[in-house]
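Everything below concerns the one structure shown next.
The values are calculated or read from the model by the stated rules, or taken from the named source; none is laboratory data. Everything numeric in this text was worked out from a predicted model, so none of it was measured. Accessible surface areas use protein heavy atoms only, side chains included; no ligands, DNA or RNA. Shrake-Rupley method; radii C 1.70, N 1.55, O 1.52, S 1.80 Å.
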Amino acid sequence: MLSTDIRQESMMKRIEQVVSILMEERPLFKEELNQSEMIEELFKLFQENLPFEKFNTMSDQELKKHCSLIMVTEAVAGTLNELTPEQMAIFDEVIKRK
């Protein structure tokens, strides 16, 4: 059985690698997100919500998919904060129609 420190270090390294790849593949992430903050946020989310054994057996592709979805949500949330009240009203209306 691995010690907690080794598990955390392993988890952090995988997340760092995936976030680095996603930042390179998607310019929006580079523009809207702070890489180190995003790594910390993802680390906390996975640590709190997923047993280490499940995280450890997750494929790199699956981990990338999960990280990407979370990062998209964070980027969009940041973008919404920059909208004017008029733009926000338009956005709200579009969301209500769907």
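Over the chain, DSSP H runs of length four or greater, each weighted -39,500 (n - 2.57), average out per residue to a 222 nm ellipticity of -27000 deg cm²/dmol. Taken per residue, the accessible surface of region 49-98 reaches 75 Å², heavy atoms only and a 1.4 Å probe. Lys-Lys pairs in the chain that are eight or more residues apart or on separate chains and whose Cα atoms lie under 19 Å of each other come to 11.
Largest accessible area first, the residues Glu82, Glu53 order themselves as Glu82, Glu53 under a 1.4 Å probe with ligands, DNA and RNA left out. Tilt of helix 60-80 relative to the longest C-alpha principal axis of the chain, in degrees (0 to 90, nearest 10)? Orientation of helix 60-80: about 30 degrees from the principal axis. Measuring only protein heavy atoms, the 1.4 Å probe finds Val94 accessible over about 60 Å².
Ordered by solvent-accessible area of protein heavy atoms (1.4 Å probe), largest first, the residues Lys64, Lys96, Lys44 come out as Lys96, Lys44, Lys64. Heavy-atom surface analysis with a 1.4 Å probe gives the chain a carbon and sulfur content of 53 percent of its accessible area.
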